[in-house]
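Taking it in order: structure first as structure tokens, then the write-up.
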Amino acid sequence: MRAAGAPAVLPGTIGSVRTAGRPRLEDRRRPGHTAREEVLDAAGELFTTRGYAATSTRRIAEAVGIRQASLYHYFRTKDDILEVLLSGTVTRPLSACAHLMRMTLRPAVRLHALTLLDSRQLWDGPWNLGILYLLPEVRTERFARFHRARDDLRNRYRELSRAVVADLPPPAPDVLTADPDDDVVFRLTETLPNLRADGLGSPDQPVRTADLALHALGWRGDWAQLRSVSRTAGADVAAAAERSDDRAG
């Protein structure tokens, strides 16, 4: 029993000193440095395994180990959570593309590196977030900002594809190549979520996708060298992104 005159101990405090953050129902159980990141991880799992419509904010909060009211401290609605998950799948490759454009690289290397980075995040991420593009809810005006970013990424792919073709000698008359304006590379990359959902493909599917993208445009050269330079460029992009995250944190 508390002694008379002792200061009250409130939830979320140590003694009479209020601690940072919001009270949790239990210790951290999911990946993430913050509760917000944990919410996104839980939502990514539930949206892709149980379905978006079947997942409530209460269920997400339970998966994280926080109260539903605490979840609303980070996201006002379930749509807000979905928008952040979707946007992340396009803002990361857009940032990578901007970094690649500042590097001294041949067009084929830039496109291969971008396709590889984009494919890896769709293929190797903990949850198959790309499959959420197909949700009927995502087709509404509510997600217009995501669609604008996705269109921007599509245009970056198109511009890089044009640069690759412009850097190549004219193809032989009997060689069939893709038109860069047909968005073949962008569409190839976005097939990965469907392959992943169907249990198809292989662990090296991102590399195969990047190779196929260049091959479809008519690039013929030293594939081993292309992959090596592309991987080095991709590592530079990843390191720059990590430094940026550290500064933001």
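The values are calculated or read from the model by the stated rules, or taken from the named source; none is laboratory data. Keep in mind the model is a prediction, meaning the values are calculated, not measured. Cβ: placed from backbone, ideal geometry, glycine included. Neighbour counts: every protein chain shown.
Only one of the numbered conditions (1) charged (D, E, K, R); (2) modelled with pLDDT under 95; (3) within 30 Å of R50 (Cα to Cα) is violated by R150, and that is (2). Does any residue of the range 132-152 turn out to be within 27 Å of A233 (Cα to Cα) and free of Cβ contacts under 8 Å to residues at least 24 places away in the same chain? Yes, the range 132-152 contains a residue that is within 27 Å of A233 (Cα to Cα) and free of Cβ contacts under 8 Å to residues at least 24 places away in the same chain.
Identification of helices (runs of 4 or more DSSP H) wholly contained in the range 49-108 with 3 or more residues that are outside the structural domain of V164 (by TED's automatic domain parsing) and touching a Lys or Arg at 6+ places or on another chain (Cβ under 7 Å) yields 57-64.
When the range 159-182 is examined, which residues are found to be touching a residue at least 24 places away in the same chain (Cβ under 8 Å) and in contact with a helix residue (DSSP H, G or I) (Cβ under 6 Å, 6 or more places away or on another chain)? Show your work before the answer.
Our first condition is that a residue be touching a residue at least 24 places away in the same chain (Cβ under 8 Å); within the range 159-182, this holds for 160-161, 163-168, 171, 175, 177-178, 180.
Residues satisfying the conditions are L160, S161, A163, V164, V165, D167, A178, P180.
Scanning the range 221-248 for residues that are in contact (Cβ under 8 Å) with a residue 40 or more places away in the chain and not small (G, A, S) yields L226, R227, V229, R231, D236, V237. In the range 202-249, which residues are over 19 Å from P93 (Cβ atoms) and either in contact with a Gly (Cβ under 6 Å, 6 or more places away or on another chain) or of a type in the set (G, A, S) (or both)? Of everything in the range 202-249, those that are over 19 Å from P93 (Cβ atoms) and either in contact with a Gly (Cβ under 6 Å, 6 or more places away or on another chain) or of a type in the set (G, A, S) (or both) turn out to be S202, G218, G221, A224, S228, G249. Taking the conditions (1) surrounded by 21 or more Cβ atoms within 10 Å (Cβ to Cβ); (2) at pLDDT 95 or above in turn, I66 satisfies each one other than (2). Screening D198, D211, D174 for residues that are at pLDDT 95 or above, in the same structural domain as N128 (by TED's automatic domain parsing), out of contact with any strand residue (DSSP E or B) (no Cβ under 9 Å at 6 or more places or on another chain) and surrounded by fewer than 17 Cβ atoms within 10 Å (Cβ to Cβ) leaves exactly one candidate, D198. Looking at L111, is it hydrophobic (A, V, I, L, M, F, W, C), more than 16 Å from the chain's Cα centre (by Cα) and assigned to a helix (DSSP H, G or I)? Taking the combined requirement at face value, the residue satisfies it. A search for C-beta distances below 9 Å between a residue of the range 48-59 that is surrounded by 12 or more Cβ atoms within 10 Å (Cβ to Cβ) and any residue that is outside any helix (DSSP H, G or I), counting only pairs 6+ apart in sequence or on different chains, returns T48/W127; T48/N128; Y52/L135; T57/Y72; T57/F75; T57/T77; R59/R50.
Conditions tested, residue by residue: (1) in contact with a Phe, Trp or Tyr (Cβ under 6 Å, 6 or more places away or on another chain); (2) closer than 23 Å to L122 by Cα; (3) basic (K, R).
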{"site": "P173", "(1), (2), (3)": "no, no, no"}
{"site": "L195", "(1), (2), (3)": "no, yes, no"}
{"site": "S202", "(1), (2), (3)": "no, yes, no"}
{"site": "A210", "(1), (2), (3)": "no, yes, no"}
{"site": "L214", "(1), (2), (3)": "no, yes, no"}
{"site": "R227", "(1), (2), (3)": "no, yes, yes"}
{"site": "T232", "(1), (2), (3)": "no, yes, no"}
{"site": "E242", "(1), (2), (3)": "no, yes, no"}
